DNA sequence: AGGGCCTCGCAGTGATCTTTGCGTTAGTGG
DNA sequence: CCACTAACGCAAAGATCACTGCGAGGCCCT
């Protein structure tokens with residue numbers, strides 16, 4: 001309900017400051033609690049206790065579990081995958097899909113996505129995938145800069161991104177790198 | 001944590017009985033609260049009050065918000081779409097995809113999916129899509145009975161089901177019937 | 001129509017969550 | 001080095017949630 005950016009205090013925004021340390025500790029606590037599949041509650045007091053800070057602090061900086069999860073998801077899904085640049089669209093997409101499959105297989109990724117979607121609604125959902133779309137866009141633009149035709153971003157999202165996220169979120173099938181690459185070959189049938 | 005089937009009392013399972021009426025009222029209350037985008041809490045006391053029953057009843061029949069949502073999602077996503085049977089695989093899939101797009105555009109469907117995923121985890125997620133997979137399987141098997149080759153169910157899920165659910169859950173793009181049919185033509189390029 | 005079983009309503013209780021005000025401490029800038 | 005600002009720790013209070021007996025009422029079966 002408040003700012004759209006992540007809550008960073010004005011004075012403590014330096015990398016090693018106290019605020020940054022607390023922020024990191026809270027983020028880690030959220031991820032650990034989500035990974036510990038112990039039917040955990042994921043309430044603010046629980047997160048605060050695990051992070052070693054007081055619940056009041058978390059309430060004041062994030063306000064609600066939804067905004068906290070959105071913040072965690074945003075930083076978790078930003079800059080985590082290095083966008084490949086091999087000079088070939090197919091190769092780029094195959095590596096990207098395979099890396100994404102591996103990332104989504106991380107034990108703490110899936111619970112984070114699910115919890116964020118469920119608790120933070122539209123805001124949280126877009127926090128999980130906004131970066132992915134931009135990364136695909138970058139891959140396509142590089143190929144276009146080389147003078148080649150490419151599918152649209154929407155098409156790549158439908159053919160590659162969507163199956164990856166769908167399988168992860170809705171099914172219990174494993175996301176293998178091989179399968180991820182077949183998605184790309186279905187998109188680029190040459 | 002209890003039964004895997006929906007909680008139906010032994011004696012009151014007749015369509016017009018009191019238990020069935022309570023069950024319907026609670027289900028309706030859940031859907032209404034999810035549709036009312038008022039930053040709703042969706043706790044059991046809130047649902048019970050809206051349904052006109054006592055919270056104790058909801059606690060005893062469903063136990064937790066997660067199981068309640070799973071139950072609502074299961075009945076909401078069962079038998080709601082009539083599987084088309086036109087005699088043509090392409091036509092069947094196009095109609096099915098288009099119907100599913102319309103269904104996912106319903107204002108109360110998306111919040112239900114999101115909340116179920118977030119609160120009920122694996123159980124809830126499969127409750128939202130298990131029926132869909134079986135319906136696709138039925139369409140494919142009919143085509144095979146006609147003596148034709150078909151893609152695998154996994155392939156159809158990747159190409160059609162996944163983009164539909166992905167767009168609905170993770171983006172704010174509209175799910176148009178035209179786009180849904182496009183997904184099928186990419187799958188069946190003849 | 002009557003008996004028996006199951007479910008619901010009801011009220012009370014303990015636990016947990018959420019918020020508020022105030023003092024303290026860390027970090028920033030002069 | 002000192003002062004100022006802002007965030008954090010702390011404690012208390014109000015609200016909400018989750019759970020547990022007990023009694024009443026409805027539904028099914030004979």
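FYI, it's all coordinate maths here, none of it is from the lab. Because the structure is a prediction, the values reported are computed rather than measured. Every residue, glycine as well, gets a Cβ built from its backbone with ideal geometry; the counts of neighbours run over all protein chains shown.
What distance in nm separates the two pseudo spin-label positions at residue B:49 and residue B:25, each 7 Å out from Cα along the beta-carbon direction?
1.6
Which residue of chain A is nearest the rotation axis onto chain B, counting by its Cβ, and what is the distance in whole Å?
Residue and rounded Å distance to the axis: A:118, 0.
Taking chain A as the reference, fit the longest principal axis to its C-alpha atoms, fit the long axis of helix A:18-35 to the helix C-alpha atoms, and give the angle between the two in degrees, 0 to 90, nearest 10.
Helix A:18-35 and the main axis of chain A meet at about 70 degrees.
Note the angle between two axes, namely the Cα long axis of helix A:109-145 and the longest principal axis of the Cα atoms of chain A, as a number of degrees from 0 to 90, rounded to the nearest 10.
40
What is the ratio of the Cα radius of gyration of the protein assembly as shown to 2.2 N^0.38 Å, where N is its residue count, to two decimals?
Compactness ratio reported: 1.06.
Got the residue A:185 label distances to the other copies yet, label 7 Å along Cα→Cβ, in nm, shortest first?
2.7
Going by how many other beta carbons lie within 10 Å of each one, how would you line up B:26, B:83, fewest first?
B:83, B:26
Mind ordering A:152-165, B:166-179 by average Cβ neighbours within 10 Å, highest first?
A:152-165, B:166-179
Using helices alone, I'd like the mean residue ellipticity at 222 nm for chain A: each DSSP H run of four-plus residues gives -39500 (n - 2.57), total over residue count, nearest 500.
That comes out to -21000 deg cm²/dmol.
Normalise the Cα radius of gyration of chain B by 2.2 N^0.38 Å (N = residues in it) and let me know the number.
Compared with the compact-globule rule of thumb, chain B sits at 1.14.
Please give the helix B:177-187 orientation as an angle from the longest Cα principal axis of chain B, in degrees from 0 to 90, rounded to the nearest 10.
Its long axis makes an angle of about 50 degrees.
Which distances, in nm and shortest first, link the residue A:107 label point to the same label point in every other copy, taking 7 Å along Cα→Cβ?
4.3
Evaluate the relative contact order of the range A:76-179 (contact order divided by residue number), counting alpha-carbon pairs under 8 angstrom at least 6 apart; express in whole percent.
38
Between residue A:190 and residue B:149, take the C-beta separation as r, use R0 = 25 Å, and let me know the FRET efficiency to the nearest 0.05.
0.65
Suppose you put the label 7 Å out from Cα in the Cβ direction; list, shortest first and in nm with one decimal, how far residue B:41 is from each other copy's label.
When each copy's label point is compared with this one, the spacings are 1.4 nm.
Enter the mean number of other protein chain beta carbons within 10 Å of the beta carbon of each residue in B:110-120, as an integer.
5
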